[in-house]
Structure formats: structure tokens, C-alpha cells
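The values are calculated or read from the model by the stated rules, or taken from the named source; none is laboratory data. The structure displayed is predicted, hence computed values, not measured ones. Ideal geometry is used to build each Cβ from the backbone, glycine not excepted, and the neighbour counts take in all protein chains shown.
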Amino acid sequence: MPPVEIPGSSLGDELRIALAAVLDGLPPRRAAQAVERLIANYRGRTPTDAPVLRDRSDVAAYAAYRMPATFAAVRAALAAFRARAGQWSPSQHLDIGGGTGAATWAVADAWPGDGFATTVLDWSEAALDLGRTLASDAPHPVLRAAQWRRHSLGAPLTLPAADLITISYVLSELDTADGASVIAEAARTAQAVVVVEPGTPAGYRRVLRARQQLIDAGLTVLAPCPRADTCPVQGEDWCHFAARVNRSSLHRQVKGGSLPYEDEKFSYVAALRGDATPAPGRVVRHPQIRKGQVLLDLCLPEGDLQRTIVTKRHGELYRAARDAAWGDRWPPA
């Protein structure tokens with residue numbers, strides 16, 4: 001079964017169109033070379049007060065390479081958050097280390113009918129400039145009115161007040177102390193915090209540390225976890241999910257791929273301050289569909305990882321299990 005498609009992500013298509021317009025004229029070979037260098041150097045080896053993206057060519061290559069995937073991962077995390085948060089919506093959104101603004105586009109897509117203010121903080125002026133350009137003609141008024149501010153993320157850190165803070169693909173660029181400072185300040189100022197990192201063992205460990213900080217600060221984890229105490233995914237294993245990304249022709253050129261899609265693996269935690277109800281359970285592996293039965297690997301509120309077998313005799317539940325995807329809550333609402 002393929003990774004979950006992002007529901008209602010009309011802004012994902014608009015983002016690809018905006019990227020194609022802004023990047024028109026950038027030679028694919030030049031972009032591909034920049035992408036190779038960024039892949040080798042972007043994650044984890046940069047001082048917190050120095051941008052990895054040095055100039056507009058770097059930023060353009062990075063945007064083509066990463067923005068669609070970051071949008072898809074954050075949008076999937078927000079979909080899971082919204083499924084448990086009820087009627088909650090932000091009036092102020094802050095995107096920490098948001099760069100060219102992929103997470104900001106995802107937040108606007110998650111609350112398409114709501115009017116809220118959004119601010120992107122990043123240390124790269126070149127990234128902020130491109131993000132501002134991409135958003136200037138966006139169909140969502142929140143994006144067109146977004147504020148783009150240069151800001152170091154090194155400790156000590158003071159953030160402006162916000163209802164929702166997104167921190168996506170940022171912690172890997174910070175040392176452990178600065179990463180902890182960012183999460184602590186976000187937990188202090190925000191009602192809701194969503195952290196997204198690459199779906200790798202290292203990314204998952206960063207999410208686990210952020211998860212514990214958010215719980216210690218009094219927030220309730222809504223997704224993906226159905227519980228607030230020790231995560232049962234430990235040792236050599238790691239909790240991650242996948243979102244399908246439709247590749248534009250430009251995206252395929254820059255990444256050197258031939259398929260019209262890719263699957264972005266990510267780990268995340270989404271938490272809300274106050275009374276909230278986590279998911280009753282979460283599908284944590286691809287469901288296995290066999291003749292007359294579906295095998296679901298679940299994370300449960302009791303603190304266990306458990307395989308459940310749903311058969312035809314379960315009726316409606318069996319039909320729901322056949323439609324279930326990796327990352328879905330279980331049982332379905």
C-alpha cells in the first residue's frame with residue numbers, strides 16, 4: 001500500500017507552479033551540482049549562526065530539491081494533528097528556521113479558510129528572499145501577507161508569541177544545546193508545537209528528545225503517539241512515516257529521478273497545550289493485505305507495539321482495515 005496521500009493539498013500544486021516560475025532559467029546541471037553539494041553538507045555540520053544556503057543559486061537549488069518534500073511531510077503531520085485537535089485553529093503561526101517557507105505553505109493548506117498571521121524566522125537572508133518571492137503571488141492571503149525575518153537560532157533564544165509553532169528539518173542543523181533551547185522556547189510561548197525531522201534513526205532520536213521536552217512543559221502529545229509516557233519504539237527501531245510527493249519535471253531534473261513521484265520519510269511529534277485526546281492507536285508499518293485478512297502493526301495507548309489481524313468476519317472493521325494506511329489512527333474515527 002502506498003504512503004498516505006495528502007488530503008486537500010491544493011497549495012502543493014500551487015507551490016510547484018511557483019517554484020517552476022521562480023527557477024525558470026536556472027540550468028538543471030547547475031542546480032544538480034548545487035544539490036549534490038547541499039546533500040553532502042547541508043545536514044548537521046553548520047554553526048547555528050551561519051547559513052548553509054549562501055546565495056540565490058544555492059537557495060534555488062535547495063528549494064527545487066527540498067520544498068515539495070518538506071511541504072508533504074509537514075502537511076501530513078498537520079493532518080494528524082487536526083484530526084485530534086477538533087475546532088482548534090491558530091491566530092498566530094511562527095515557522096522557526098522556515099527558510100523558503102515550505103512549512104508555512106503547509107499550515108496555510110491545513111487551515112485554508114482561516115485568517116491568521118504567519119512569520120518565518122531563518123538565518124539565511126537569501127532563503128527568506130526566495131520564500132518571500134514564492135509567496136508574493138500565492139492564492140492564500142496568509143502567504144501573501146507573511147512576514148520574513150532574519151533571526152539566529154542560537155541560545156539564548158527569545159521568540160515572539162504564537163499559537164502554533166512549526167519546527168521542520170531544523171534540529172539537525174543545531175547542536176544539542178541549541179536544539180533544546182529552541183524546543184524549550186517554543187513550548188514556553190506556543191499553544192501548539194509541531195516538530196518534523198527526517199525519517200531516519202538520528203531524526204527520530206531528535207524527535208524523541210523534543211517530545212519529552214514538550215511533555216515536561218505540560219503539552220499533550222496528539223500525534224502520532226496514542227500515549228504520553230515512554231515511547232515503545234526503542235533500540236535499533238525508529239518510528240517514522242511516509243508522504244507521497246508528486247514530482248514536477250523540474251524536480252525530476254534536479255534530483256536526477258525518472259519516477260513521477262517519491263516517498264518522503266519523516267518522523268514527527270505534534271502537541272497541544274490543554275485538554276486534548278490523542279489517537280486511540282496508530283498504524284506504524286505498512287498494512288499487510290492477505291486473502292481474507294489484514295495485518296496491522298499498531299502503537300497502542302497501553303504502551304505496546306502489537307500486531308492485530310482483522311478478518312472478513314469483522315465486517316465494517318475489515319473494510320476499514322483494507323483502506324488503512326501507514327500512519328493512520330486505529331480504529332478509525
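Among the residues of segment 119-129, is there at least one that is buried (at least 23 other Cβ atoms within 10 Å of the Cβ), at pLDDT 95 or above, under 19 Å from the mean Cα position of the chain (by Cα) and small (Gly, Ala, Ser)?
no
Scan segment 104-137 residue by residue and report those that are among the small types (Gly, Ala, Ser) and farther than 13 Å from Gln92 by Cβ.
Of segment 104-137, the ones among the small types (Gly, Ala, Ser) are 106, 108, 110, 113, 115, 117, 124, 126-127, 131, 135-136.
Listed by number, the residues that qualify are Ala106, Ala108, Ala110, Gly113, Ser124, Ala126, Ala127, Gly131, Ala135, Ser136.
Quick one: in segment 290-301, which of the residues that are touching a residue at least 12 places away in the same chain (Cβ under 8 Å) and out of contact with any Leu (no Cβ under 8 Å at 6 or more places or on another chain) is surrounded by the fewest Cβ atoms within 10 Å (Cβ to Cβ)? Give the derivation first.
Taking segment 290-301 and keeping what is touching a residue at least 12 places away in the same chain (Cβ under 8 Å), we get 292-301.
Checking the rest, the ones that are also out of contact with any Leu (no Cβ under 8 Å at 6 or more places or on another chain) come to 292-296, 300-301.
Working: Gly292: 9, Gln293: 16, Val294: 23, Leu295: 15, Leu296: 22, Leu300: 17, Pro301: 14.
If we take residues in segment 290-301 being touching a residue at least 12 places away in the same chain (Cβ under 8 Å) and out of contact with any Leu (no Cβ under 8 Å at 6 or more places or on another chain), then Gly292 is surrounded by the fewest Cβ atoms within 10 Å (Cβ to Cβ).
Which one of these is out of contact with any Asp or Glu (no Cβ under 9 Å at 6 or more places or on another chain), modelled with pLDDT of 95 or more and surrounded by 21 or more Cβ atoms within 10 Å (Cβ to Cβ): Ala63, Ala77, Ala103?
Unique residue meeting the criteria: Ala77.
Would you please name the residue that is modelled with the highest pLDDT, looking only at residues in segment 247-269 that are assigned to a loop (DSSP other than H, G, I, E, B) and buried (at least 17 other Cβ atoms within 10 Å of the Cβ)?
Arg247
Hey, among Pro160, Pro198, Pro224, which residue is assigned by TED's automatic domain parsing to the domain that holds Pro90 and more than 18 Å from the chain's Cα centre (by Cα)?
Pro160
For segment 93-131, enumerate the residues that are closer than 29 Å to Arg282 by Cβ and part of a strand (DSSP E or B).
Answer for segment 93-131, where residues must be closer than 29 Å to Arg282 by Cβ and part of a strand (DSSP E or B): His93, Leu94, Asp95, Ile96, Thr118.
Test Leu214 against the criterion of being surrounded by 16 or more Cβ atoms within 10 Å (Cβ to Cβ), more than 17 Å from Lys265 (Cα to Cα), within 14 Å of the chain's Cα centre (by Cα) and at pLDDT 95 or above, and give yes or no.
No, not satisfied.
Residues checked against (1) under 20 Å from Thr277 (Cβ atoms); (2) in contact (Cβ under 8 Å) with a residue 40 or more places away in the chain:
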| position | (1), (2) |
| --- | --- |
| Ala190 | yes, yes |
| Val193 | yes, yes |
| Gly199 | no, yes |
| Gly203 | no, yes |
| Ala210 | no, yes |
| Gln213 | no, no |
| Ala217 | yes, no |
| Leu222 | yes, yes |
| Ala228 | yes, yes |
